[in-house]
Amino acid sequence: MRRRLDRSARRHGFRYDTGDLDPAGVDLQLDITALALPDDAYDAVLCSHVLEHVPDDRAALRELRRVTAAYGWCLVMVPIDVARETSYEDPAIATAEQRRAAYWQADHVRLYGLDVVDRLSEAGFTVEVVRPLEAFGEETMRRARLLASDWMLLCS
């Protein structure tokens, strides 16, 4: 999928960079808590299912805001327990089994609650919550294999 998007973007005059802490298969090796990028580097940033793996997500959010151009946007997606008001994280939860039980996946360090919007706002973003069922309907959700809790956080 990345290659198709990359070719399509470049054909239409867009620069499309991928980044990850692991340099295999990406354009840029980046630490999301200290991005080696200039301020306002991108008009659009996609951060999909990354923050729940990052111990210092607030530093990551500040960096996302810093590299998103003032007129641009950043789309953030994280697992959200929509029944939970506040995000849950506990450094004492260390084993894969404990993390799976608490955070839904063995390599997660937190489970976001509804306060994820507040965390994004604290980083300097204005946040629009896009709920897939309301925005796209059941058929699109089924085809895209989206869950009702797969909220998309459109940040500007």
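The values are calculated or read from the model by the stated rules, or taken from the named source; none is laboratory data. Model, not experiment: these values are computed from the prediction. Please note: Cβ atoms are built from the backbone with ideal geometry, for glycine as well, and neighbour counts cover all protein chains shown.
Residues that are outside the structural domain of L147 (by TED's automatic domain parsing) and under 28 Å from P132 (Cα atoms), at least 2 per element: which helices (runs of 4 or more DSSP H) completely within segment 1-114 meet that? Break it down stepwise before answering.
Numbers: elements: 2-11, 57-67, 96-103.
The helices (runs of 4 or more DSSP H) meeting that bar are 2-11.
The numbered conditions (1) in contact with an Asp or Glu (Cβ under 8 Å, 6 or more places away or on another chain); (2) within 16 Å of P55 (Cα to Cα); (3) at pLDDT below 95 are all true for S149 except (2). State yes or no: is T86 under 28 Å from L35 (Cβ atoms) and either modelled with pLDDT under 95 or in contact with an Asp or Glu (Cβ under 7 Å, 6 or more places away or on another chain) (or both)? It is true that T86 is under 28 Å from L35 (Cβ atoms) and either modelled with pLDDT under 95 or in contact with an Asp or Glu (Cβ under 7 Å, 6 or more places away or on another chain) (or both). Taking the criterion of being touching a residue at least 12 places away in the same chain (Cβ under 8 Å), acidic (D, E) and outside any loop (DSSP other than H, G, I, E, B), the residues of segment 115-139 that qualify are E122, E128. Note on segment 118-156: residues that are within 20 Å of R84 (Cβ to Cβ), in contact with a Phe, Trp or Tyr (Cβ under 9 Å, 6 or more places away or on another chain) and hydrophobic (A, V, I, L, M, F, W, C) total 4. Among the residues of segment 1-59, those that are within 16 Å of the chain's Cα centre (by Cα), at pLDDT below 95 and hydroxyl-bearing (S, T, Y) comprise T18, S48. Just one of (1) loosely packed, with under 12 Cβ neighbours inside 10 Å; (2) closer than 17 Å to L153 by Cα; (3) of a type outside the set (A, V, I, L, M, F, W, C); (4) touching a strand residue (DSSP E or B) at 6+ places or on another chain (Cβ under 7 Å) fails for P23. It is (2).
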